[in-house]
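Undergrad: Sending over a structure as structure tokens; questions will come in a sec.
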Amino acid sequence: MSGGDDGGFVHCAGCGALAAGPCARCRKPVCGDCCVLTSGGAQPWAICHACNEGGASLSRGWVTVLGWLIKPMLVLLALYVLLYWLFGVE
Ligand SMILES: [Zn+2]
Ligand SMILES: [Zn+2]
């Protein structure tokens, strides 16, 4: 992170145009055409196409993990409701 201040203009790593900002993941400067906005939290992130493709598989993995977490929780919830319905209601 040094020496990036020559003139204040940073050029896109993909096409050489004036960069709009750094990629949120690999920190390469990218222009508006070479990045995509992704909503990964409170504020939208601009990431380059290479990182976007990598992130797609990553988020797909998270969906799988979330599915594995949610499925047993749903089964427990169903059991709890069933037990409550059988024994909890006087
Ligand atoms: Zn570009
Ligand atoms: Zn990137």
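Undergrad: Name the residues in segment 23-37 that are in contact (Cβ under 8 Å) with a residue 12 or more places away in the chain and of a type outside the set (A, V, I, L, M), would you?
TA: Cys23, Arg25, Cys26, Lys28, Pro29, Cys31, Gly32, Asp33, Cys34, Cys35
Undergrad: Is at least one residue of segment 41-52 in a loop (DSSP other than H, G, I, E, B), modelled with pLDDT under 90 and either among the polar types (S, T, N, Q) or surrounded by 10 or more Cβ atoms within 10 Å (Cβ to Cβ) (or both)?
TA: Yes - at least one qualifying residue is present in segment 41-52.
Undergrad: Criterion first (loosely packed, with under 14 Cβ neighbours inside 10 Å, out of contact with any Leu (no Cβ under 8 Å at 6 or more places or on another chain) and modelled with pLDDT under 90) does Gly7 satisfy it?
TA: Yes.
Undergrad: Another one. Starting from residues that are without any contact (Cβ under 8 Å) to a residue 24 or more places away in the chain and either small (Gly, Ala, Ser) or not in a loop (DSSP other than H, G, I, E, B) (or both), keep the ones in segment 10-21 and report whichever is nearest to ligand 1 (Cβ to nearest atom).
TA: Ala17
The values are calculated or read from the model by the stated rules, or taken from the named source; none is laboratory data. In this text, all values refer to a predicted model and were calculated from it rather than measured experimentally. Every residue, glycine among them, receives a Cβ derived from its backbone with ideal geometry; neighbour counts consider all protein chains shown.
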